[in-house]
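Read the structure below first, then the notes.
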Amino acid sequence: MYLTYPEFKNILHDALSEDAFNKLISNAEIQIDTVTNYFYGMPNSPVLSDESASEYPWINARAKAFKRAIALTIDYMDRNSVTDSSDLNNGSYSSVEIGRTTLQSANSDGSSSTGSGFAIPDEALMLLGRFGLRYGGVASV
């Protein structure tokens with residue numbers, strides 16, 4: 001696990017309960033690993049806990065940004081009732097109708113997805129990109 005509940009609460013003070021956190025953390029990690037090409041999740045890759053305690057400011061800042069991106073993703077998933085990209089694609093949460101009142105998402109196509117197609121908020125993607133953690137290449141076969 002990349003992020004503990006106490007770390008999450010330290011990043012987002014008014015956030016969700018520990019039970020909700022535990023339900024969403026795995027899905028958030030999958031989403032973040034996908035856009036970072038498993039930067040911290042592969043064998044022989046950098047160790048997040050080591051980088052969090054690094055004496056080099058930029059390495060420490062990269063680890064902090066990674067953890068913030070996970071926290072923002074968990075919060076995004078909770079607020080928008082999504083757990084993966086299929087929830088964004090099927091629009092299952094796009095509108096609510098109660099009697100004659102209908103509430104719809106702000107996007108005209110009925111989704112609240114980001115441009116990335118992942119269940120990750122734009123703020124998290126910007127944090128990851130700032131430290132070179134966004135993977136934009138083609139995986140080798």
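Of note:
- Qualifying residue in region 40-63 (condition: at pLDDT below 85, surrounded by 14 or more Cβ atoms within 10 Å (Cβ to Cβ) and more than 23 Å from residue 12 (Cα to Cα)): no
- Only residues that are under 14 Å from the mean Cα position of the chain (by Cα) and surrounded by 15 or more Cβ atoms within 10 Å (Cβ to Cβ) were counted in region 16-32, giving 10.
- Against the numbered list (1) of a type outside the set (Ser, Thr, Tyr); (2) modelled with pLDDT of 95 or more; (3) under 23 Å from residue 136 (Cα atoms); (4) out of contact with any Phe, Trp or Tyr (no Cβ under 7 Å at 6 or more places or on another chain), residue 7 comes up short only at (3).
The values are calculated or read from the model by the stated rules, or taken from the named source; none is laboratory data. Keep in mind that what you see is a predicted model, and the values were worked out from it rather than measured. All Cβ positions, glycine included, derive from the backbone under ideal geometry; neighbour counts span all protein chains shown.
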